[in-house]
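Novice: Submitted below is the structure of interest, expressed as structure tokens.
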Amino acid sequence: MRKRCRLNQKIYKRGTWFCFRIIDSFGRRPEIRSFTKKEAQLKLLEMNKQVINNITGSTSYSVTVEQGIDFWLKQKKGSIDESSYNSYENHINNFKLFLSKKHPDLRFITDLSSEHIREFMDYRLAEGRATKTINLERNSLFNLFFTLIDHNKIPDLNPVARTKRFKVKQVQTRRSLSNEELYKFFEGAKVAGGNWYAIYLTLYIGGFRRSEVRTMTKDTVDLKNGVIKVFETKTDNPRCVPIHPQLKPVLEQAMDKAKGNLVFPNAKGLMLPRNSMRDKMVWICKKVGILQATLHDFRHTFASSQGLSEDTKQNIGGWSNKRVMQETYMHPQENHIKEEYCKFDFIPKPPEA
């Protein structure tokens, strides 16, 4: 039978931390740390209120889902780059959303089982998420439990270890959209209303990445001088993108309607949710009857545009070097391949006399 968990009511200071110790049901004495004394007092108060042991009926300590996630994210903060941290945070937010919908009464992290993890993976698959994405989210959950176990926050039992990864299905390859597909898509984007036409046209004409359009602010768009300044880039090299004459009136209209400082905000003036642009694009592709495309396919289409020099494409698109642009992003359009292929004469002709 497990021992009753006891709390040391005294809060003490260790360096810059405010701490207290507990003796958990396994006889271990983990130290609970907080940034401020008030935070430590609130934690101590919360722990005194937590679960009743089913066997002994005595009060024992258990980590809530929120406490476990907060602790895990604090461990990650500063120890990894910002992009990786944002990925972890996005994965765990998807899991929290799943719990709020499917298991709103589940409170403690030790109540999570391998069945919950598998249900989450199936739930994400039913939402249309790629198997590769779901496996990454599973890995984040595995790391969450591993970290809590390693810091003696929960018993040495990781439910994620009992769930198998999905076999990765072939992800749709990046491609260049044909002129016909572009026409149908942009006509569909106009009908969709809102800023969708302006958003997708900006992605395509400027060769922008999703994050660059999503975070674009009015003070970086200089309509007078015809330049868009991009400061935060994947390669950490700021660049200036000329505003194309076909894009300028669309940007002007979007900025006039936009609330706040963002060029393409939501109805409340806040930044668009990370996946909203992708989800709407999937919807438009189905609506107009073209092969499903991705946001990044616009960037591939820009790189494959005929009539622009490679120097121009590289500088506007912000590729680190031409080799990356040529080998990864430049694809001949499918209709151009078909036309060239069908014109080729394979049947040998008789030799001339």
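Novice: For segment 307-317, name all the residues that are in contact (Cβ under 8 Å) with a residue 40 or more places away in the chain and surrounded by fewer than 18 Cβ atoms within 10 Å (Cβ to Cβ).
Specialist: Hit for segment 307-317 is Asn315, nothing else.
Novice: Looking at Ser34, Ser100, which is the one that is modelled with pLDDT of 65 or more, among the hydroxyl-bearing types (Ser, Thr, Tyr) and in contact with a Lys or Arg (Cβ under 8 Å, 6 or more places away or on another chain)? Give the derivation first.
Specialist: Numbers: Ser100 fails: in contact with a Lys or Arg (Cβ under 8 Å, 6 or more places away or on another chain).
On inspection, the qualifying residue turns out to be Ser34.
Here is a yes/no grid of residues against (1) in the same structural domain as Gly128 (by TED's automatic domain parsing); (2) modelled with pLDDT under 70; (3) within 15 Å of Tyr204 (Cα to Cα):
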{"position": "Pro242", "(1), (2), (3)": "no, no, yes"}
{"position": "Ala267", "(1), (2), (3)": "no, no, no"}
{"position": "Arg274", "(1), (2), (3)": "no, no, no"}
{"position": "Leu295", "(1), (2), (3)": "no, no, yes"}
{"position": "Leu308", "(1), (2), (3)": "no, no, yes"}
{"position": "Phe346", "(1), (2), (3)": "no, yes, no"}
{"position": "Glu352", "(1), (2), (3)": "no, no, no"}
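Novice: Could you tell me how many of the residues in segment 61-88 are in a loop (DSSP other than H, G, I, E, B) and over 14 Å from Thr147 (Cα atoms)?
Specialist: The qualifying residues number 5.
Novice: Considering only segment 285-306, state which residues are hydrophobic (A, V, I, L, M, F, W, C), more than 14 Å from Ala189 (Cβ to Cβ) and surrounded by 19 or more Cβ atoms within 10 Å (Cβ to Cβ).
Specialist: Once the filter is applied, which keeps residues that are hydrophobic (A, V, I, L, M, F, W, C), more than 14 Å from Ala189 (Cβ to Cβ) and surrounded by 19 or more Cβ atoms within 10 Å (Cβ to Cβ), segment 285-306 yields Phe302, Ala303.
Novice: Do any helices (runs of 4 or more DSSP H) entirely within segment 158-255 hold 1 or more residues that are touching a residue at least 40 places away in the same chain (Cβ under 8 Å) and more than 25 Å from the chain's Cα centre (by Cα), and if so, which?
Specialist: Fully inside segment 158-255 and qualifying: 179-192.
Novice: Within segment 256-276, which residues are over 21 Å from the mean Cα position of the chain (by Cα) and either surrounded by 15 or more Cβ atoms within 10 Å (Cβ to Cβ) or touching a residue at least 40 places away in the same chain (Cβ under 8 Å) (or both)?
Specialist: If the condition is that a residue be over 21 Å from the mean Cα position of the chain (by Cα) and either surrounded by 15 or more Cβ atoms within 10 Å (Cβ to Cβ) or touching a residue at least 40 places away in the same chain (Cβ under 8 Å) (or both), then Lys257, Ala258, Asn261 are the ones that fit.
Novice: For residues that are exposed (fewer than 14 other Cβ atoms within 10 Å of the Cβ) and either within 15 Å of Gly317 (Cβ to Cβ) or outside the structural domain of Met271 (by TED's automatic domain parsing) (or both), tally how many sit in segment 184-234.
Specialist: 1
Novice: Determine, yes or no, whether Leu272 is in contact with a Phe, Trp or Tyr (Cβ under 9 Å, 6 or more places away or on another chain) and within 25 Å of Leu223 (Cβ to Cβ).
Specialist: yes
The values are calculated or read from the model by the stated rules, or taken from the named source; none is laboratory data. Please read these numbers as outputs of a predicted model, since none were measured by experiment. No Cβ is skipped: glycine too gets one built from the backbone with ideal geometry, and neighbour counts run over all protein chains shown.
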